Amino acid sequence: MIELLISCVLTFPISTDTLEKYVICRDVKEKVQHVEEWIPTVSTYFKEEDIVQAMTVIYCESSGRYTAYNDKNKNGSNDLGLWQFNNHTWDWLSNKLSIKDNRVNPVVSTRVASWLVYNDGWHHWNSSKECWKNAEYIYRPKRNKSMGDTAS
């Protein structure tokens, strides 16, 4: 996993045309390395092509701290755990998926996050999207031609 990020940095010469991709790659690499302890857990529940994006979301949401807590939501809810599920979302998912554990459990919350991604998309983490959006660019260039990638 990390080797793929490192190779994206080293496989092309730095020029004015490749500088943006180099900077984006370095940013994503640093985020993933910061939370690399969660790679085995994320790899269990996410498809290979989604692992880097999932790792980057974890970095952006909780900096890899499974006990991270945020009580600043406008609706009075708080965000908790590795994936920063808020009370409303966790209650809804707990009922829907019969979850008995809490959102601080990183294995449970990662399993739930993967279910949510594959059944409803990444938009549940849009509040931090500016932080994680480039992860998709690094590993899915065919979908991101607007950034100058010529892959077909």
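Since every read-out is calculated from the coordinates, none of them should be taken as a lab result. Given the structure is predicted, the values throughout are model-derived calculations rather than measurements. Neighbour counts are summed over all protein chains in view; Cβ atoms, including those assigned to glycine, are modelled from backbone coordinates with ideal geometry.
Below 15 angstrom from the Cβ of Lys96, what's the summed charge of the other residues (Lys, Arg +1; Asp, Glu -1)? The partial results should precede the final answer.
Working: positive: Lys100, Arg103, Arg111; negative: Asp91, Asp101, Asp120.
Once all neighbours under 15 Å are counted, the net charge is 0.
Quick check: pseudo-label points 7 Å beyond the Cα along Cα→Cβ at Asp71 and Ser128, how many nm apart are they?
According to this spin-label approximation, the distance is 2.0 nm.
For a quick protection proxy, order the peptides 104-113, 33-42, 79-88, 122-131 by their average other-Cβ count within 10 Å, most packed first.
On the way: 104-113: 20.4, 33-42: 16.8, 79-88: 22.1, 122-131: 14.4.
Top to bottom by mean Cβ count within 10 Å: 79-88, 104-113, 33-42, 122-131.
Two decimals is fine: what is log10 I(q)/I(0) at q = 0.14, 0.19, 0.23 Å⁻¹ for region 10-63, from a Debye sum with one equal scatterer on every Cα and no solvent?
-0.42, -0.68, -0.84
What's the extension gain from Ser63 to Asn95 if we count 0.36 nm per residue and subtract their Cα-Cα distance?
Working: separation 32, 0.36 × 32 = 11.52 nm, distance 2.74 nm.
The span from Ser63 to Asn95 would gain 8.8 nm if fully extended.
What translational D, rounded to a whole number of µm²/s, comes out for region 2-140 from Stokes-Einstein when the hydrodynamic radius is the Kirkwood one over Cα pairs, at 20 °C and 1.002 mPa s? Please list the in-between numbers first.
Numbers: Rh = 15.6 Å.
For these conditions, the coefficient is 137 µm²/s.
Suppose the chain between Glu37 and Trp115 were pulled fully straight at 0.36 nm per residue; how much longer would it get relative to their current alpha carbon spacing?
Working it through step by step, the gained length comes to 26.0 nm.
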